[in-house]
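Please treat every number below as a calculation from the coordinates, not as lab data. Only a predicted model underlies this, so the values are computations on that prediction, with no experimental measurement involved. Here the Cβ is made from the backbone with ideal geometry for all residues, glycine too, and neighbour counts use every protein chain on show.
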Amino acid sequence: MSGVFWPEQEANRLAASRLAYHGGGLAAARRRFPLAPEPWLDLSTGINPQAYPCNHLSEAAYARLPEAESIEQLEAAAARHFGLGAGGKCVAAPGTQALIQLLPRLFPAQQIGLLGFTYAEHEKVWATNGAAAKTCADLDELAQADTAIVVNPNNPDGRVAEADDLVTLAQKMAARNGLLIVDEAFMDLLPREKSLAPHLPLPGLIVLRSFGKTFGLAGLRLGFALCGPDEARKLRAALGPWAVSGAAVEIGIKAYEDRDWLTESAARLERDAARLDALLRATGFEILGGAPLFRLARHAEAPKIFERLGAGGVLTRPFSAKPDWLRFGIPHRDRDFVRLAKILSGENFSA
């Protein structure tokens, strides 16, 4: 799903490196739009625009390798935050993507099924490891694969599969010695009952959770696998010691214990998302779906709008397979909404 609206040299560079385009490519955007005003407004990623405050880390966070006890404390704080079921294991990793890369090597399969149009990296890494991939329309079809993958809520349309239905799917997969992987990278800001974490451990089920998206600290590289003891042992052995940084340990523990910040952030994002919805509808977009950190919208002139936004220093997320789609991250400040509104309405913008 590389971005079709980059110039040919950018498309060739991405194809040569076998990268899927995910958004956030400001260096490529600056090459494509050299006259765009700075600073850029990056709405191409689903990352909280207001980051969790992470000042005043200890010197040891950088000077020493993290102690095993500190990592255990981080995993315990994350498990409480997720509502992980008794007996479930929480494995810290340097980002959810690192876990996605490991899973095909540790749990090989001949055929994987993916529920609908979804995050491209899942298909890419399994195909790289020799698995055939099939996009499935529903959970019944998904149950026929060796490994089933559900992104929940889905990226990019925000579709949510019900937890009870996914538990049933996990049981069907386990009965066939299969594996269900549920990627809950955008789950933090939804009600806990939507998550599979409280249902763990279940045979043949692995749930992935992200830290950086919700807390606006994607560069910290922190994510988690929630699973049973057997899967946890394999993952820990593959990750090795000191898989996460001392800074990630300290910040993660503090953030997961700060319920007030998360509650306030969720309320702010809900208000800002509603404001974005109104703006997009007023400028001719159809809202197709979304999650608390992004909105997916359709417009017949989406390629031209992507170009116009880029020329104004606003980066959104296009989809080569769906050329009339654009995904928008949630703006935060009034001036960002004003900037977006002016460009969408056809006005010139100068930063």
5 Å is the cut-off here: which amide hydrogens, built 1.01 Å from N in the peptide plane, fall below it relative to Asp183, excluding neighbours closer than 5 in sequence?
Val150, Val151, Asn152, Leu208
If you line up the Cα atoms of segment 60-257 on their principal axes, what length do they span on each, largest first, in Å?
50, 34, 30
Could you go through segment 151-160 in sequence order and give the Karplus-derived ³J(HN,Hα) for each residue, using 6.51 cos²θ - 1.76 cosθ + 1.60 with θ = phi - 60°, rounded to whole Hz, and x for Gly and Pro?
8, 9, x, 6, 10, x, 9, x, 4, 10
Counting only residues 5 or more places away or on other chains, whose amide H sits under 5 Å from the amide H of Gln111 once H atoms are built in the peptide plane?
Ala132, Asp146, Thr147
Tabulate in residue order the Karplus-calculated ³J(HN,Hα) for segment 129-136, using 6.51 cos²θ - 1.76 cosθ + 1.60 with θ = phi - 60°, rounded to whole Hz; enter x for Gly and Pro.
9, x, 8, 7, 10, 9, 7, 10
Summing -39500 (n - 2.57) over every DSSP H run of at least 4 in the chain, dividing by its residue total and rounding to the nearest 500, the 222 nm mean residue ellipticity is -12000 deg cm²/dmol
Counting only DSSP loop positions in segment 250-351, the trypsin sites (Lys or Arg not before Pro) whose Cβ has at most 13 other Cβ atoms within 10 Å are Arg333
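Just to check, using Stokes-Einstein with a Kirkwood Rh over alpha carbon pairs, what's the diffusion coefficient of the chain at 25 °C and 0.890 mPa s in µm²/s? Walk me through the numbers before you get to the answer.
Values: Rh = 21.1 Å.
Translational diffusion coefficient: 117 µm²/s.
Multiplying the sequence separation of Arg298 and Ala60 by 0.36 nm and subtracting their Cα-Cα distance, what value in nm do you get?
On the way: separation 238, 0.36 × 238 = 85.68 nm, distance 4.84 nm.
Here the segment from Arg298 to Ala60 would lengthen by 80.8 nm.
Roughly speaking, what % of Cα-Cα pairs in segment 194-256 are separated by over 18 Å, rounded to a whole number? Intermediate values should be presented prior to the final figure.
Details: 867 of 1953 pairs.
Result: 44 percent of Cα pairs exceed 18 Å.
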Taking amide hydrogens as modeled 1.01 Å from N in the peptide plane, which residues meet the under 5 Å criterion relative to Val314, leaving out close sequence neighbours?
Leu41
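Report the antiparallel proportion of the DSSP beta bridges in the chain as a percent, rounded to a multiple of 5. Spell out each step's value before the answer.
Numbers: 21 of 40 bridges.
If I count the DSSP bridges inside the chain, around 50 percent turn out antiparallel.
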Excluding residues on the same chain fewer than 8 positions from Lys234, give the lysines whose Cα lies under 19 Å from its Cα.
Lys89
Among the lysines, which fall within straight-line cross-link reach of Lys322, defined as a Cα-Cα distance under 21 Å, with same-chain neighbours fewer than 8 residues apart omitted?
Lys124, Lys134, Lys304
For Lys194, list the aspartates and glutamates whose Cα falls under 14 Å from its own Cα; do not include residues on the same chain fewer than 8 positions away.
Glu162, Asp164, Asp165, Asp183, Glu184
